[in-house]
Amino acid sequence: MADKYQTLDAGCKKLTEATTVSTGVAEAGDIIALDAAGKIDNSLLPTGIGADTAVLPASENLGAGDFVNIFDDGGTVSVRLADNSNDREANGFVLSAVTAAANATVYFEGTNNALSGLTLGSRYYLDTAGGITATPVDPASAAAGTIHQYIGRATSATEINVEMDDKIVVA
């Protein structure tokens, strides 16, 4: 619950809770508050400022930290797990788990801090089922159609600075 401030409503004093998420014009003039993570919600920022994200329906269950592929699901733009073994390049990542058919906030750049077991400074590549690996695809031994895609570099044991590269498909 956000802090409250005193306002006047038709001459009567009233306590009003500060806004943590904006739905648009209805919150014009409100005093803003930090969210539960101690940050300003992206909905309170001007267009072009904040995280580069899209909210898209998930076609399957996604886990926090998973890398995802954006695709046309029968005329609906949706997300699914990226996978280097079946031509599903990584287009972004999710920071929160999402169940199938629910909306997922997909991040296109920045830090994926929902990971574990990373080696500081190591380079990471797309693996199977939305995961990453420190071992790049070896074109001499990989099956035809396997994707080699650089994802980013670990900045801690739980974070990767995402700098996704274009996919390279093994012939």
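The values are calculated or read from the model by the stated rules, or taken from the named source; none is laboratory data. This is a predicted model, so every value here is computed, not measured. Please note: Cβ atoms are built from the backbone with ideal geometry, for glycine as well, and neighbour counts cover all protein chains shown. In case anyone asks, the SASA skips ligands and DNA or RNA and just uses the protein heavy atoms, side chains included. Shrake-Rupley method; radii C 1.70, N 1.55, O 1.52, S 1.80 Å.
Structural remarks
- Looking only at the stretch 49-102, residues that are assigned to a strand (DSSP E or B) and modelled with pLDDT under 95 come to 3 in all.
- Residue that is nearest to Thr146 (Cα to Cα), among those in the stretch 56-88 that are touching a residue at least 60 places away in the same chain (Cβ under 8 Å) and open to solvent by 50 Å² or more (accessible area, probe 1.4 Å): Ser85
- Residue among Leu15, Leu34, Leu44 that alone is touching a strand residue (DSSP E or B) at 6+ places or on another chain (Cβ under 9 Å) and open to solvent by 70 Å² or more (accessible area, probe 1.4 Å): Leu15
- Identity of the residue in the stretch 89-118, more than 22 Å from Gly48 (Cβ to Cβ) and hydroxyl-bearing (Ser, Thr, Tyr), that ends up surrounded by the fewest Cβ atoms within 10 Å (Cβ to Cβ): Ser116
- Test result for Asn42, touching a Ser or Thr at 6+ places or on another chain (Cβ under 8 Å), polar (S, T, N, Q) and free of Cβ contacts under 8 Å to residues at least 12 places away in the same chain: yes
- Criterion: out of contact with any Ser or Thr (no Cβ under 9 Å at 6 or more places or on another chain), closer than 30 Å to Ser43 by Cβ and open to solvent by 30 Å² or more (accessible area, probe 1.4 Å) - qualifying residue of Ile132, Ile168: Ile132
- Breaking point among (1) outside any strand (DSSP E or B); (2) out of contact with any helix residue (DSSP H, G or I) (no Cβ under 7 Å at 6 or more places or on another chain); (3) open to solvent by 50 Å² or more (accessible area, probe 1.4 Å), for Gln6: (1)
- In this structure, Thr23 qualifies as assigned to a loop (DSSP other than H, G, I, E, B), exposed (fewer than 14 other Cβ atoms within 10 Å of the Cβ) and not aliphatic (A, V, I, L, M).
- So Val162, is it among the β-branched types (Val, Ile, Thr), open to solvent by less than 60 Å² (accessible area, probe 1.4 Å), at pLDDT 95 or above and closer than 21 Å to Asn91 by Cβ: yes
- Odd one out for Gly152, checked against (1) among the small types (Gly, Ala, Ser); (2) out of contact with any Phe, Trp or Tyr (no Cβ under 8 Å at 6 or more places or on another chain); (3) crowded, with 17+ Cβ neighbours inside 10 Å: (2)
- For the condition open to solvent by less than 60 Å² (accessible area, probe 1.4 Å), outside any loop (DSSP other than H, G, I, E, B) and at pLDDT 95 or above, Gly121 does not qualify.
- Members of the stretch 130-156 that are under 26 Å from Leu95 (Cα atoms) and either of a type in the set (Ser, Thr, Tyr) or without any contact (Cβ under 8 Å) to a residue 60 or more places away in the chain (or both): Thr133, Ala134, Thr135, Pro136, Val137, Thr146, Tyr150, Gly152, Arg153, Ala154, Thr155, Ser156
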